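J.: Dropping the structure in here first, questions after.
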Amino acid sequence: HESRELKNGLGEEDLSCPDCLDIFRHPVILSCSHCFCEECVKKWWRQKQTRECPVCKTVSSSKHPPCNWALKNLCEAYLLEKEQRRSAESEALCSLHSEKLKLFCLDHQQPVCVVCKESKRHTGHRFSPINEAAQDHREELQKHLKPLQDKLERLTQCKRNCVKKVKYIKVQSQKTEQQIREQFRKLHRFLQEEEEARVAALKEEEKQKSKVMKEKIEALSRDLLVLSDIIGATEEEVKAEDVTLLQNCKATVDRVQQLQQIDDPQLVSGTLINVAKHVGNLTHNIWNEMQQMVSYRPVILDPNTANRGAILSDDLTEIKAEENPERPNLYRVLGSEGFDSGTHSWDVDVGDNDFWCLGVKTTSLPSKKAWMLMFSADKYETCSVSGPSIDLAVKEKFRRIRVSLDWDGGKLSFSAPDTNTHIHTYTETFTQKPFPLFATTDTLPLKILPVVPSD
C-alpha cells in the first residue's frame, strides 16, 4: 500500500490523467482547472476539432495550455519514490561486491553493502540502515514538498478568484451599459420633446400669421372687385352719348371721388416669422432647459469599494444597509475619486438615520488612516486612526451634514448647512490622497446632495 501513496496522502489515482489513466506526463492545466497530459489533451482536441475539456466540456481559452509545474513535481517525486521502493523490494546488489545494499553512507550519500563499509574508501564514515536513511530522506523531501503544495493551493485559489472576477466584470459591464443607455434615452427623449415643442410653436406662429395674411388678401380682393366694377362703369359712362353722359356725370363723379377718399392699403407689420426667436441662442436655451433635469454631485460612490450587503443607488449617490434585523452590520463605501490638493466640500442628507459615519480615508499602504464624524445613540463623536474618540457637545440632530476638506490647509471640517452650525474640525497634515467615506447600519439611505448652481 505504501508504494502507491505519498506521505501527504496523495495516491496514484490522484496523480493520474483522467484520459489515459496513467501517471501524468508533462501535465497541463486548462482554463477550467482540470489537468491532463499534454499529449492526451491535444489528441482529444484533434479528434473533437475543438478545444473543449474532456471532463466538463468547457472550451479552453488557449491552444497552448500552461504546464502545471507543481503537479509535475509531485508526479516526478511519486515516480522516484515508487522506483526506489521497487529497487528496495528487488534487493538491489552492490555493483562491486554483489552483496545486498543494507547500509547508507552518510558521508558519500549512497547505499553500500557491509563489505563496502569495511573498505578503505569508507574508512571513518558514518552509516545508517538503508530503511532508516530512506525514511529520513522521505521526510526531508516531504518538507520541501509541503511549501509547493501550499503554493499550489494558493495559486489555485487565486485562479478561482480571477475566474470569478472575469464573470463579475462581464456582469458589471452589462449593467453599466444598461445605465448608460438609459441615461442617453432620457436625454434623447428630452431633446425630441423639446424639438417637437419648438417646431409646434413655429407651426402655430406660421398658422396665425398666415391666417392674418389670408384675411388681408380677402379684404383686398373685395376692394379690388368693387374698384374694378366702378372703373368699368365709369369707362362705359365716358363712352356714352353726350346727353346720357351729362345726365349721369354728377353721380359718377361722386362715386369716383368717394372711392378716392379711401386710404390706400398698407402692408401689415409683424406678419413675417420671428426667426430670431426660434433659432437665436437655440442650443444655449435648450441647455438651460436641460439643466432643470440634470444635476451635479461633487462625489460619486465607487461600488468596487463597498462591502458585501451595502446597497448603492443606480446613480451611485446613495448608500443604505440591506435588510438584516438579526445581524445589523456597518456598511461602508468610498468615493470614486480622492483629493491631493485644493478645497472640496459635499453635502450629505443623513435623514433620520440612527447611525452613520462621514469623513475621509486614505487607502495607500503601509499606513491607512481615517478621520470621521460618527453619529450614534443621538450623540456625535470623532473617530480617527490617529487619536482617541471624543464625544462632542453638539446635541441637535441634523438632517444634512457638510464635509469640507482643505487639503493644502490641512483641515477637515463638519458642519450643518441648514443652521450654519460648526460641529468639528480635524487639523492634519495630509501626505496621501484621502477619499470620501460613507458608512451606515440603517436601511434609510445616506444621500449625496446635488450642488445648487449659483445665479
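J.: Determine the pairs where a residue that is in the same structural domain as Lys216 (by TED's automatic domain parsing), located within the range 248-266, has a partner that is modelled with pLDDT of 70 or more and assigned to a loop (DSSP other than H, G, I, E, B) with Cβ atoms under 9 Å apart, the partner being 6 or more residues away or on another chain.
T.: Asn248/Ala240
J.: Taking the stated definitions as given, is Val55 out of contact with any helix residue (DSSP H, G or I) (no Cβ under 9 Å at 6 or more places or on another chain), part of a loop (DSSP other than H, G, I, E, B) and not aromatic (Phe, Trp, Tyr)?
T.: Yes: the conditions hold for Val55.
J.: Regarding Ser173, is this residue assigned by TED's automatic domain parsing to the domain that holds His284 and either over 44 Å from the mean Cα position of the chain (by Cα) or not aromatic (Phe, Trp, Tyr) (or both)?
T.: No.
J.: Any residue in the range 448-455 that is in contact (Cβ under 8 Å) with a residue 60 or more places away in the chain and surrounded by 16 or more Cβ atoms within 10 Å (Cβ to Cβ)?
T.: yes
J.: Oh, and also: (1) aliphatic (A, V, I, L, M); (2) out of contact with any helix residue (DSSP H, G or I) (no Cβ under 6 Å at 6 or more places or on another chain); (3) surrounded by 11 or more Cβ atoms within 10 Å (Cβ to Cβ); (4) under 26 Å from Ser61 (Cα atoms): which one isn't true of Val171, the others all being true?
T.: Status for Val171: all satisfied but (3).
J.: Leu412 fails exactly one of the following numbered conditions: (1) surrounded by 20 or more Cβ atoms within 10 Å (Cβ to Cβ); (2) touching a Lys or Arg at 6+ places or on another chain (Cβ under 9 Å); (3) more than 30 Å from Met293 (Cα to Cα). What is the number of that condition?
T.: (2)
J.: Name the residue that is modelled with the highest pLDDT, counting only residues in the range 300-315 that are buried (at least 18 other Cβ atoms within 10 Å of the Cβ) and more than 24 Å from Asp406 (Cα to Cα).
T.: That would be Leu312.
J.: Take the range 327-378 and flag every residue that is of a type in the set (Val, Ile, Thr) and either assigned to a loop (DSSP other than H, G, I, E, B) or loosely packed, with under 15 Cβ neighbours inside 10 Å (or both).
T.: Once the filter is applied, which keeps residues that are of a type in the set (Val, Ile, Thr) and either assigned to a loop (DSSP other than H, G, I, E, B) or loosely packed, with under 15 Cβ neighbours inside 10 Å (or both), the range 327-378 yields Thr343, Val350, Thr363.
The values are calculated or read from the model by the stated rules, or taken from the named source; none is laboratory data. The shown structure was predicted, so the numbers you read here are calculated from the model rather than taken from an experiment. Every residue, glycine as well, gets a Cβ built from its backbone with ideal geometry; the counts of neighbours run over all protein chains shown.
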